[in-house]
Amino acid sequence: MQAKQKLYELYKGTVERVTGPRTVSAFLEKGVLSVPEFILAGDNLVAKCPTWSWEAGDPSKRKPYLPADKQYLVTRNEEEEDIPSMDTLDIGKGDGIKSIPSYFGGNKEEEEEEDIPDMDTYEDTGDNLAVAEPSYFVAEEPDDDNILRTRTYDVSITYDKYYQTPRVWLTGYDESRMPLKPELVFEDISQDHARKTVTIEDHPHILAGKHASVHPCKHAAVMKKIVDVLMSRGVEPEVDK
């Protein structure tokens, strides 16, 4: 699967290099964000949640379509159980909206019933994307006395130009604030999702280290379904709300 993932990343990178960023809104029509909408939503997050901030990132990895001082968002030194919820919303047949469990600390019985996507499905899936967003991270740490219980994570959000959506990244640290090796990060991730929808990759704005990333291939489809339900109730969603 590593070879398949590398080919996918090569293809994705090529497409990003030859296509321009989205500048016209299609949030209501497709659930995607333009670059201005991503910046607007990020400004709103920073204003409402002081632990979040914009970062410039490494100059060598700067994206020209983003402001130099607003390359990505980050909140640092979050303990595992305090990781901000990266939940999406699940919309049932009765048009009710309910929260799906947090990536850290999901309902195990519900997790076992999920249809887990695989990296093999991440090639060109077109518009036929599933809209169920699984819960990725586990609350229980391994029953191993050698595993540190004070791991912390930096959570960052970048703009994925290919999918035109936000993308979530996690960087783990031990109690001495030393980066966790990828295999240790995977101990905090549901094994149903590790190396499938959650993979270890290079961060698009940070030069050193490897980072866990939640693949964004279904984000737009999930958001589109939420938008449709809200609009059916007479509410027009806004990207900065």
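Return yes when Lys93 is among the basic types (Lys, Arg), at pLDDT 95 or above and assigned to a loop (DSSP other than H, G, I, E, B) and no when it is not.
Spelling it out, it is not the case that Lys93 is among the basic types (Lys, Arg), at pLDDT 95 or above and assigned to a loop (DSSP other than H, G, I, E, B).
For Met231, are the conditions met, namely being farther than 30 Å from Lys63 by Cβ and modelled with pLDDT of 85 or more?
So Met231 passes the test.
The values are calculated or read from the model by the stated rules, or taken from the named source; none is laboratory data. Everything quoted here is computed from the prediction, not taken from an experiment. Glycine gets a Cβ as well: all are built from the backbone with ideal geometry, and neighbour counts include every protein chain shown.
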